[in-house]
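Worksheet: one structure, shown below.
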Amino acid sequence: MLDLQVIPHPPNIPESEENSPKMFFEIGERITTMYSEKVMDHFTNPRNVGELADANGIGEIGNAKCGDIMKMYVKIEDNTIIDIKFKTFGCGAAIATSSMATELIKGKKIEDALKLTNKAVMEALNGLPPQKIHCSVLAEQAVKLAISNYYKGQGVDPEPIVGKIVHCECED
Amino acid sequence: MNDLKDLIYFDNAATTKVSESVLDAMLPYLGQIYFNPSSIYSASKHAKGAIEKARAQVAKAIGAESDEIYFTSCATESNNWAFTIAQGQNKQPAKPTHFITTQIEHPAVLNTAKQKEKEGSQVTYLSVNEEGLISPDDLKKSIQENTALVSVIYANNETGVIQPIDELANICKERGILFHTDAVQVIGTLPVDVKRQNISILSLSGHKFHAPKGVGILYVKKGIPITNFLFGGGQERGRRAGTENVANIVAIGQAVEEAIECMEAKNEHIKKLRKLLFDRITQIPKVKFNGSMDHNLPNIMNFSFEGIEGEGILLHLSMQGICCSSGSACTSGSLDPSHVLIAMGLDHALAQGSLRISLSKYNTEQEVIRFLEILKPTIEKLRAMSPIWKP
């Protein structure tokens, strides 16, 4: 999964003529710059970004204190997420996980969308650095919150279907 | 970005490029003149002499005497040592030592103070106003009978806000208390004269003014009894053990001399770049300048952009070859945004959206123009996808 987790710190530098600035750059990047190409792709070209005027479920989660706020808009018809958009305040990982989460559940049945886990989001992004895992948790929870909000609008208690929403640990 | 050639480096408060003349001056001491300065044979005298020349260069740059200058490994060591020296002044060890510092210190002082607290000392952390300035009156009120040291950062590393050092040092002189300042950001930008300014102890770091990383300075006014921080051999007149880092010491001597020599020309150049940056960045809607209009280093600028988070800005800039810093939690490696910006009264969202631009003599107007061309659409793009952005 995480490419990063298999790199010991400090990394083993192979003894070869490959000890070039380029190789050190690559090792340094894997340890510190932390983001996979997939994360950078979703960060620079986020999918489904924006608002949905005709959303029938909206969920906002996170807190400026820890630096991440995600807002998900879903349009649900016939138990299917026919459209989804997001807006995110936060770091590269927060934007990329929001984007990936929307992509993974767009067009899915609610029951399938609810199976979305933060792990699935991370895997789809080819991994996240450990300190950014909470962003993937936020993305999962933002989706669930938006679906809960949809059920509430339908007069249905969402908790038996969606489960409890886990809020960010730094939220008051 | 792997290609270093076209990099725009606006992170000079983090570290600076080693200047070519500094590199030229230090290289012989990594090569031909590798001798241990403490050895008895004559070859080692070349190294010993080079250290003493560097000591004189540093002393001259800050208005000190050579025998008041100690070479350290970095300013963090210097700051730690300053607290150790102050603690050594406590003649009644049964009574806890009291330190006064500020809420906006660099972690090198802040975490040293916190450690002293854990070890039983008392610490007062002075607050700052919205411009990031501490009040000399607050200092007066905080002084206690057992106060051993007042430690105030000369100019803040995140904002460049300059504290009223002369006034603070005078208060300490009148009360017979040691005054220490972490002057890491100011050398080569502001003139420093430790005697005239009544500074008792001062910390410097070479890599902030075009010397390499790994060498710092502690100035300690003559007559102040020195408690050692590192124990071992008799280097630095028995006060700071460890074989001298000769090449780096030579480098810091050369670098400090150059920094003072070109200070005026550098400031003039940087003030032009600053004006351009300031005028154009403040045209972006809902941007806040984090600093003091009248008391700021010209080479450090800090802005907060409403509605967005700093790491996103830095990543976009980095992809286009621009190096800057931010006070956002993500970039600090903790869950909290900059303690400096929070102390200045910024809310968390604004502190998360901060960007620090820090310039050196090597930066050019073309770089500033290219940076501005890239910054504006970056801010717009991130704001367009932010749920808390309100145009």
Return the percentage of antiparallel bridges among DSSP beta bridges fully within the protein assembly as shown, rounded to the nearest 5 %.
65
How large is the Rg to Rh ratio of segment B:20-261 when both quantities use alpha carbon positions and Rh follows Kirkwood?
0.98
Scale the Cα Rg of segment B:1-131 by the rule-of-thumb value 2.2 N^0.38 Å and send over the ratio, two decimals.
1.46
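Please report the net charge: other residues with Cβ closer than 9 Å to the Cβ of A:LYS75, K and R +1, D and E -1.
With Lys, Arg at +1 and Asp, Glu at -1, the net is -2.
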Amide H proximity to B:LEU126 below 5 Å, modelled H, separation 5+ or other chain, gives B:THR101, B:THR102, B:GLN103
Just to be sure I understand: of the beta bridges DSSP finds with both ends in chain B, what percent are antiparallel, rounded to 5?
55
Roll a 1.4 Å probe over the protein heavy atoms and report the accessible area of B:ASP193 in Å², nearest 10.
50
Run lengths n ≥ 4 of DSSP H only: what is the helix-derived mean residue ellipticity at 222 nm for chain B, with -39500 (n - 2.57) per run over all residues, to the nearest 500?
-12000 deg cm²/dmol
Could you derive backbone 3J(HN,Hα) for segment B:24-39 from the dihedral phi with the Karplus parameters 6.51, -1.76 and 1.60 (θ = phi - 60°), listing whole Hz in sequence and x where the residue is Gly or Pro?
4, 5, 8, 4, x, 7, 9, x, 4, 9, 9, 5, 6, x, 7, 6
Rounded to a whole number, what % of the accessible area of segment A:44-171 do carbon and sulfur atoms account for, probe 1.4 Å?
47
Please calculate the 1.4 Å probe accessible area of A:TYR73, with all protein chains present, and give it to the nearest 10 Å².
20
On each of the three principal axes the extent of the alpha-carbon atoms of segment B:145-202, given in whole Å and largest first, is 34, 22, 15
Qualifying lysines (Cα of each under 19 Å from Cα of B:LYS17; at least 8 residues distant if same chain)
B:LYS5, B:LYS208, B:LYS213, B:LYS266, B:LYS361
Taking a 1.4 Å probe, which of A:MET122, B:MET319 shows the most accessible area, and what order do the others take after it?
B:MET319, A:MET122
Shape descriptors of segment A:31-145 over alpha-carbon atoms, Rg and Dmax in angstrom, are 13.1, 45
Please give every one of the aspartates and glutamates within straight-line cross-link reach of A:LYS164, meaning a C-alpha to C-alpha distance under 18 Å, and leave out same-chain neighbours fewer than 8 residues apart.
A:GLU60, A:GLU111, A:ASP112, A:GLU140, A:ASP172
Quick one: order B:ILE162, B:ILE153 from most to least accessible surface, probe 1.4 Å.
B:ILE162, B:ILE153
With a 1.4 Å probe and every protein chain left in place, tell me how much accessible area B:MET293 has, in Å² to the nearest 10.
130
Candidate lysines for bridging to A:LYS71, where Cα separation is under 16 Å - those fewer than 8 sequence places away on the same chain excluded
A:LYS85, A:LYS87, A:LYS106, A:LYS144, B:LYS390
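Quick one, could you list the DSSP H helices from chain B stretching 24 Å or more along their long axis (Cα atoms) with average Kyte-Doolittle hydropathy of -1.0 or above? Mind showing how you got there, number by number?
Details: long enough: B:43-62 (30 Å, -0.28); B:263-281 (26 Å, -0.78); B:365-384 (29 Å, -0.15).
Those that clear 24 Å and a mean of -1.0 are B:43-62, B:263-281, B:365-384.
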1.4 Å probe accessible area per residue over segment A:44-171, in Å²:
40
Residues of B:345-355, mean number of Cβ from any other protein chain within 10 Å of their own Cβ, rounded to a whole number?
3
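Can you pick out the pairs among B:LYS286/B:LYS376; A:LYS65/A:LYS109; B:LYS91/B:LYS222 whose Cα atoms lie more than 22 Å from each other?
A:LYS65/A:LYS109
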Where B meets A: accessible area buried, both sides, 1.4 Å probe, Å²
2000
Computed for chain B: size of charge dipole around the Cα centre, +1 on C-beta of each Lys and Arg, -1 on C-beta of each Asp and Glu, debye to nearest 20, value 520
Cα Rg, Dmax, the protein assembly as shown, angstrom units:
26.8, 92
Shape verdict for segment B:7-77, please, from the Cα gyration tensor: rounded (a/c under 1.5), prolate (a/b greater than b/c) or oblate.
oblate
Charge dipole of segment A:26-110 about the Cα centre (unit charges at C-beta), most positive-ward option of A:PRO46, A:THR88, A:GLY62
A:GLY62
³J(HN,Hα) computed for each position of segment B:137-147 - Karplus, 6.51 cos²θ - 1.76 cosθ + 1.60, integer Hz, glycine/proline x
5, 4, 4, 3, 5, 8, 5, 10, 4, 9, 5
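The values are calculated or read from the model by the stated rules, or taken from the named source; none is laboratory data. Only a predicted model underlies this, so the values are computations on that prediction, with no experimental measurement involved. Positions of Cβ are backbone-derived with ideal geometry, glycine not excepted, and every protein chain shown enters the neighbour counts. Accessible surface areas use protein heavy atoms only, side chains included; no ligands, DNA or RNA. Shrake-Rupley method; radii C 1.70, N 1.55, O 1.52, S 1.80 Å.
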